[in-house]
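Peer 1: Mind having a look at this structure? Questions to follow.
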Amino acid sequence: MHVVYDSLQQTIAFRSEIHTPVCLEGVCKPLDVLLYWDLSGAYLGYTTLEGVPLTKFDHDPFTAKDYLQLHTLLCNRYSALDRKTLEELVTSEAPSGERIVFNGMEVEAISGATVKEIQEEVVHGALYSCYSLWHLVYGQAVTSIKEHVAKNATERFVVQLLDAEWSHYWEYAVRLMDDTLIQRHPVRLAAVFQKCSPLVRKRILQKASSDHAELSDLERRLIGLFEEVDVNTRTLLIRRAIKSGAPGLLALKEGMNAMTKNQLEMYLKAAEALEPNSRQPIVTHGIKLRANSESNHTYVLQQFLNKYE
Amino acid sequence: MFRLFVPLFVFCSSICLKAQSDFLIEAESFISSGGWLVDPQFVEQMGSPYLLAHGMGEPVDDAFTSIDIEDGGKHHIWARTKNWVPGNWQAPGRFQIVVNDSILPNELGVTPEWGWEYAGSVKLEPGITHISLKDLTGFDGRCDALYFSPDELPPPNDLRILALWRQQKSREPRRPSLTKRYDLVVTGGGLAGCAAAIAAGEQGLKVALIHDRPLLGGNASSEIRVHTLGIYGKFERILRQIDTEHYPNGSSDAILDQTKRDQNMQVQANVDLHLNFRAYNAVSQSDSIQYVDARHTSSGDRIRFEAPLFVDATGDGWIGYWSGAEFSYGRESVNEYDEHWERWGELWSPEEPDNAVMGSSILFQTTLEDTTVVFENVPWALDVAKGHEAVAGEWYWEFSRNDLHQIHDGEQIRDHMLRAIFGSFANAKTKEENAGYRLQWVSYLLGKRESRRLVGDHIFTFRDVLDNVQFPDSVVQEIREIDVHYQENLVDEEKPDFLSKALFYRTGKYYIPYRSLYSKNISNLFMAGRCFSCSHVGLGGPRVMRTTGQMGAAVGLAASLCKKYGVDPRTIYESHLAEYMQLIESQQSDPE
């Protein structure tokens with residue numbers, strides 16, 4: 001496994017040169033390619049070695065379409081090739097015209113329920129090569145890359161991941177960050193929080209949240225993005241804000257009109273539980289100002305005010 | 001309306017109320033519900049069954065009743081109702097009250113949240129007064145009750161005070177006047193409850209089966225129409241009496257098997273069916289349930305059911321909940337039971353426990369006609385449907401969100417799904433190629449997948465599947481995938497929030513032990529169905545009907561041994577397991 005650097009000496013990928021025999025019943029042929037993975041261990045691509053094109057089991061060379069199809073297959077982390085043995089992928093039930101025979105032995109067929117499942121995924125006539133390469137791409141190499149990265153990840157490396165444009169890098173970076181590092185990059189993480197998926201947002205919030213009532217700079221920034229994130233993340237933000245008491249509820253006041261009915265009720269219940277002095281600014285600067293807005297749930301605010309006043 | 005009234009009135013004149021100066025009429029107790037439907041799903045949250053005008057855009061026929069007024073005079077009239085979609089549009093579920101041919105002025109169903117809305121006043125003459133509910137929209141207006149009073153004071157809105165007020169107005173005693181005693185009381189008439197009743201009844205137990213619908217089958221019924229999955233295990237003979245073919249989700253083919261199921265249950269010699277009775281309480285003493293109380297969803301009649309043994313087949317685990325059984329809700333941490341699946345990570349099982357569960361579905365069916373079918377605009381649905389277009393639905397029309405509880409917020413979830421369906425259908429209808437589509441059927445009953453899971457001596461988990469554990473008390477078996485759902489918008493927030501995806505972990509045969517089918521801390525409580533003892537991921541595979549039917553049959557047989565030896569469910573495992581397993585083995589042949 002080799003590290004690939006850019007001109008700034010930043011690690012940008014991992015590469016492995018593969019020379020492996022693909023064998024069937026003692027008949028073997030070589031398979032030579034270069035495989036590439038990104039920094040998270042996700043497959044990036046492959047190239048052939050100079051002068052060594054890929055061939056099928058009957059020696060026909062790969063066509064341009066075959067090369068593309070192989071790449072598409074290798075991109076699919078969740079291919080049906082996963083957790084299947086070669087035996088499960090080959091059936092003898094195919095009509096003879098659809099069978100591929102090598103040295104008098106049937107090596108591949110493409111009918112039957114199981115095989116049909118992968119029929120469109122694998123290169124016709126190259127099932128064994130496809131199978132071997134897919135398992136190389138998603139096998140021990142990924143574990144090695146992840147172990148290497150976890151051991152050698154510097155702050156600079158993590159920042160590189162956060163600044164990248166690929167969403168899976170963001171989640172990967174957050175996983176690599178400890179509590180201290182998380183709090184050192186509030187601006188970057190808030191930027192990621194704004195554009196990443198709800199699942200990554202959940203991860204960031206889990207990492208960012210402490211047991212302290214007081215909100216950190218990062219948490220304040222995340223709460224400030226309340227209206228720009230999805231509904232499930234909003235619930236998580238409300239829960240965090242409630243834990244911090246009046247400061248958290250005040251920080252969320254702008255988002256009240258974007259809340260669902262249940263979210264509003266959570267918020268108001270927390271406000272109701274505060275001491276009157278702490279509650280007053282939330283009522284005056286938050287609830288009252290929004291109780292007559294166009295939102296569909298302003299009646300919840302009005303009911304609260306009727307009860308409270 | 002009046003042609004219908006005359007014969008019905010003659011029939012029911014003996015039960016008509018001799019009204020006092022002020023009086024309460026429960027809408028679900030009307031002489032005729034017309035096209036309105038009795039909806040008992042949310043009694044625990046809003047206080048009562050109610051009438052629902054579920055016309056899919058076509059106003060439904062009037063619901064109607066009559067009352068013998070003792071003292072005439074001016075009466076003010078309120079209806080307990082709600083605007084089910086508050087917002088900047090005309091409320092979708094509006095209706096009016098008609099008294100003796102006079103339409104009261106105020107349109108109702110216009111105020112958010114359940115409460116009393118003022119309909120108007122009317123001068124009543126002593127004698128028979130006719131009252132009807134006139135649906136104005138066909139879009140799920142709802143009415144819980146009507147209150148007539150000479151005073152201008154509306155009834156209370158606070159749920160607890162309202163319950164007491166209701167009791168007082170109806171002069172209802174604290175406990176049901178009728179008590180029935182059985183060997184086994186099964187609550188919930190889905191496939192699990194039906195199978196439990198059959199199995200126990202065949203062994204000679206006197207069984208009560210309490211079910212809050214007129215039709216048996218739960219999610220498999222023709223009212224909900226989730227198709228049946230799973231294998232028969234050791235109970236094919238029993239389950240074939242009550243299951244369904246694998247019709248498409250939402251298909252009207254479900255009706256064909258409904259008749260079979262209902263007829264087969266009617267002929268069970270030792271099983272008393274109490275249809276349209278919804279349990280509302282279960283009381284335990286020294287960790288043993290003494291009785292379950294249930295109320296008829298229309299008449300309000302109540303029965304107390306006493307027995308030494310009870311089965312909770314309610315799905316939501318209500319009997320366990322009321323009686324103090326331990327239960328869980330939500331997803332455990334992936335580490336709690338080692339339920340890791342790297343491929344799907346957090347979607348499969350979270351790093352930290354949370355309150356997420358699989359969602360509930362509302363299924364629907366459309367027909368394609370030769371002529372143009374008009375479907376009106378539904379601006380109140382578009383907040384949910386947004387730009388989504390659909391003329392057909394499937395199981396993946398499913399809704400769950402982390403600020404909603406599948407039980408406490410059930411009405412909100414159902415209503416969200418109705419808006420998703422009506423809005424998506426309306427969007428599709430703007431296209432010329434969909435001109436002939438008609439919404440033929442939309443369920444109003446939630447098809448729930450997951451809520452409370454009662455805790456037993458064993459908690460069935462994904463780990464039991466991965467490790468292929470064959471328990472000494474394996475009474476249920478299954479081969480279907482472990483199938484856990486997630487909402488699509490968790491991965492891509494631009495997706496509609498009412499669509500889900502399924503994660504399938506394919507596996508060989510796996511087994512569920514008897515110890516997952518009785519409560520850990522309530523000594524005489526069995527559970528069968530999706531409220532059995534399992535983890536969130538553990539529920540993924542065996543939550544389907546034939547598998548839950550196996551659970552029901554298994555506990556029905558266990559109950560027969562409990563009676564034989566005068567012991568509780570746990571003792572069957574500890575002291576009579578060989579006999580129990582043999583009894584299960586013998587189930588393939590007809591009982592003598």
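Readers should treat all values here as calculations from the given coordinates under stated rules, not as data from a laboratory. Note that the structure is a prediction, hence the values are computed from the model and not measured. Note that each Cβ is placed from the backbone with ideal geometry, even for glycine, and that neighbours are counted across all protein chains shown.
Peer 1: Check each of the trypsin sites (Lys or Arg not before Pro) in segment A:1-93 and keep only those in coil by DSSP with at most 16 other C-beta atoms within 10 angstrom; list them in order.
Peer 2: Working: sites: A:Arg15, A:Lys56, A:Lys65, A:Arg77, A:Arg83, A:Lys84; in loops: A:Lys56, A:Arg77, A:Arg83, A:Lys84.
Here the trypsin sites (Lys or Arg not before Pro) that fit, given the DSSP loop and packing criteria, are A:Arg77, A:Arg83, A:Lys84.
Peer 1: Measuring from label point to label point, each 7 Å out along Cα→Cβ, what is the B:Ser575 to B:Asp272 span in nm?
Peer 2: Result: 2.9 nm between the two label points.
Peer 1: Continuing with this model, one more query. What cysteines in chain A have no other cysteine with a beta carbon less than 4.7 Å from their beta carbon?
Peer 2: A:Cys75, A:Cys130, A:Cys196 - these cysteines have no disulfide-compatible partner (Cβ-Cβ under 4.7 Å) in chain A.
Peer 1: GluC sites (Glu not before Pro), restricted to segment B:280-374: which are DSSP loop and have at most 16 other Cβ atoms within 10 Å? Could you put the intermediate results ahead of the total?
Peer 2: On the way: sites: B:Glu306, B:Glu326, B:Glu332, B:Glu336, B:Glu339, B:Glu342, B:Glu346, B:Glu351, B:Glu369; in loops: B:Glu326, B:Glu332, B:Glu336, B:Glu339, B:Glu342, B:Glu351, B:Glu369.
In loop regions of segment B:280-374 (DSSP not H, G, I, E or B), the sparsely surrounded GluC sites (Glu not before Pro) are B:Glu326, B:Glu336, B:Glu342, B:Glu351, B:Glu369.
Peer 1: Given the Cα-Cα distance of B:Glu172 and B:Ser102 and 0.36 nm per residue of separation, how much length would full extension add, in nm?
Peer 2: Here the answer is 22.1 nm.
Peer 1: Which order do A:Thr48, B:Thr111 fall in if you start with the one that has the fewest other Cβ atoms within 10 Å?
Peer 2: By the 10 Å Cβ count, ascending: A:Thr48, B:Thr111.
Peer 1: Based on alpha-carbon centroids, what's the gap between segment A:245-281 and segment B:121-157 in Å, whole number please?
Peer 2: Distance between centres, Cα-based: 38 Å.
Peer 1: Compute the helix-to-body angle for A:198-208: its Cα long axis versus the longest principal axis of chain A, expressed 0 to 90° and rounded to tens.
Peer 2: Taking Cα atoms only, the helix is inclined about 60 degrees.
Peer 1: Hey, another quick one. What list do you get for B:Cys194, A:Cys196, B:Cys143 if you sort them by fewest beta carbons within 10 Å?
Peer 2: Numbers: B:Cys194 35, A:Cys196 22, B:Cys143 27.
Fewest-to-most Cβ neighbours within 10 Å comes out as A:Cys196, B:Cys143, B:Cys194.
Peer 1: OK, next. Measure out, as a whole number of angstrom, how far apart the alpha-carbon centroids of segment B:257-284 and segment B:420-486 sit.
Peer 2: Segment B:257-284 and segment B:420-486 have Cα centres separated by 24 Å.
Peer 1: Report for the protein assembly as shown the percent antiparallel among DSSP-assigned beta bridges with both residues inside it, nearest 5. Please list the in-between numbers first.
Peer 2: Numbers: 105 of 130 bridges.
Just about 80 percent of them are antiparallel.
Peer 1: Taking the simple approach of a point 7 Å from Cα along Cα-to-Cβ for both A:Asp58 and A:Ser293, what is their distance in nm?
Peer 2: Roughly 6.8 nm, to one decimal.
Peer 1: Express in nm, to one decimal, how much length is gained between B:Glu326 and B:Leu368 on full extension, taking 0.36 nm for each residue of separation and deducting their alpha carbon distance. Can you show the working numbers first?
Peer 2: Numbers: separation 42, 0.36 × 42 = 15.12 nm, distance 4.90 nm.
Extra length from B:Glu326 to B:Leu368 when fully extended: 10.2 nm.
Peer 1: Which of these, A:Ala271, A:Ala208, A:Ala173, has the largest mean-square fluctuation under a Gaussian network model of chain A (Cα springs below 10 Å)?
Peer 2: Result for chain A, Cα springs under 10 Å: A:Ala271 fluctuates most.
Peer 1: By how many degrees, between 0 and 90 and to the nearest 10, does the Cα long axis of helix B:410-429 differ from the longest principal axis of chain B?
Peer 2: 70 degrees
Peer 1: So, one more: If contacts are Cα pairs under 8 angstrom and at least 6 residues apart, what is the relative contact order of segment B:2-169 in percent?
Peer 2: 29 percent
Peer 1: In percent, what relative contact order does segment B:246-372 have, based on Cα pairs under 8 Å that are 6 or more apart in sequence?
Peer 2: Once divided by the residue count of segment B:246-372, the mean separation gives 17 percent.
Peer 1: Arrange B:Val442, B:Val122 by Cβ neighbour counts within 10 Å, fewest through most, would you?
Peer 2: By the 10 Å Cβ count, ascending: B:Val122, B:Val442.
Peer 1: Say the cut-off is 28 Å between C-alpha atoms; which of A:Lys151/A:Lys243; A:Lys84/B:Lys501; B:Lys134/B:Lys386; A:Lys261/B:Lys123; A:Lys207/A:Lys269; A:Lys65/A:Lys146 go over it?
Peer 2: Working: A:Lys151/A:Lys243 35 Å; A:Lys84/B:Lys501 23 Å; B:Lys134/B:Lys386 30 Å; A:Lys261/B:Lys123 40 Å; A:Lys207/A:Lys269 26 Å; A:Lys65/A:Lys146 32 Å.
Exceeds cut-off: A:Lys151/A:Lys243; B:Lys134/B:Lys386; A:Lys261/B:Lys123; A:Lys65/A:Lys146.
Peer 1: What is the mean projected area of the alpha carbon convex hull for segment B:360-448, to one decimal in square nanometres?
Peer 2: Result: 5.6 nm².
Peer 1: Would you mind pulling out the separation of the Cα centroids of segment B:356-388 and segment B:520-547, in Å?
Peer 2: 32 Å
Peer 1: Let me ask something else about it. Cα gyration tensor of the protein assembly as shown, axes a ≥ b ≥ c as square roots of the eigenvalues: rounded (a/c below 1.5), prolate (a/b > b/c) or oblate?
Peer 2: Prolate, because a/c is 1.5 or more and a/b exceeds b/c.
Peer 1: Oh, and also: Compute the signed sum of charges (Lys and Arg +1, Asp and Glu -1) over the other residues within less than 12 Å, Cβ to Cβ, of B:Ala145.
Peer 2: That sum, taken over residues with Cβ under 12 Å, equals 0.
Peer 1: Now for a separate question. Rounded, prolate or oblate: which fits chain B, taking a ≥ b ≥ c as square roots of the Cα gyration tensor eigenvalues, rounded meaning a/c under 1.5, else prolate when a/b beats b/c?
Peer 2: Verdict is oblate for chain B.
Peer 1: Before anything else, pin down the relative contact order of chain A: Cα pairs under 8 Å, at least 6 apart, normalised by residue count, whole percent.
Peer 2: 9 percent
Peer 1: Give the calculated FRET efficiency between B:Glu351 and B:Leu164 to the nearest 0.05, with a Förster radius of 41 Å applied to their Cβ-Cβ distance.
Peer 2: 0.35
Peer 1: Setting aside same-chain residues fewer than 8 positions from B:Lys495, which aspartates and glutamates have a Cα under 12 Å from its Cα?
Peer 2: Of all the aspartates and glutamates, those that pass the test against B:Lys495 - Cα under 12 Å, at least 8 places apart if same chain - are A:Asp230.
Peer 1: Give, as a single signed number, the net charge of other residues whose beta carbon lies under 15 Å from the beta carbon of A:Ala208, with Lys and Arg counted +1 and Asp and Glu -1. Working shown, then result.
Peer 2: Values: positive: A:Arg175, A:Arg184, A:Arg188, A:Arg201, A:Lys202, A:Arg203, A:Lys207, A:Arg220, A:Arg221, A:Arg239, A:Arg240, A:Lys243; negative: A:Glu171, A:Asp178, A:Asp179, A:Asp211, A:Glu214, A:Asp217, A:Glu219, B:Glu351, B:Glu352.
Summing Lys and Arg as +1 and Asp and Glu as -1 gives +3.
Peer 1: Straight-line reach from B:Lys180: which lysines have a Cα under 27 Å away, not including same-chain ones fewer than 8 places off?
Peer 2: B:Lys169, B:Lys206, B:Lys520, B:Lys563, B:Lys564
Peer 1: Loop-only trypsin sites (Lys or Arg not before Pro) in segment A:215-248, please: DSSP not H, G, I, E or B, and at most 10 other Cβ atoms within 10 Å.
Peer 2: Filter output for segment A:215-248: empty list.
Peer 1: May I pose another question? How far, in nm, would the chain grow between B:Ser252 and B:Gln440 when pulled straight, counting 0.36 nm per residue and subtracting the alpha carbon separation?
Peer 2: Roughly 66.7 nm would be gained on extension.
Peer 1: Given a Förster radius of 35 Å and the C-beta distance between B:Asn88 and B:Val491 as r, what FRET efficiency does 1/(1 + (r/R0)^6) yield to the nearest 0.05? List each step's numbers first, then the result.
Peer 2: Values: r = 31 Å, r/R0 = 0.89.
It comes to 0.65.
Peer 1: If Lys and Arg each add +1 and Asp and Glu each add -1, what is the summed charge of the other residues whose beta carbon sits under 11 Å from the beta carbon of B:Phe95?
Peer 2: -2
Peer 1: Using Cα atoms only, what is the angle between the long axis of helix B:545-565 and the major principal axis of chain B, expressed in degrees (0 to 90) to the nearest 10?
Peer 2: 70 degrees
Peer 1: With r as the distance between the Cβ atoms of A:Ala191 and B:Gln290 and R0 = 60 Å, compute the FRET efficiency 1/(1 + (r/R0)^6) and round to 0.05.
Peer 2: 0.50
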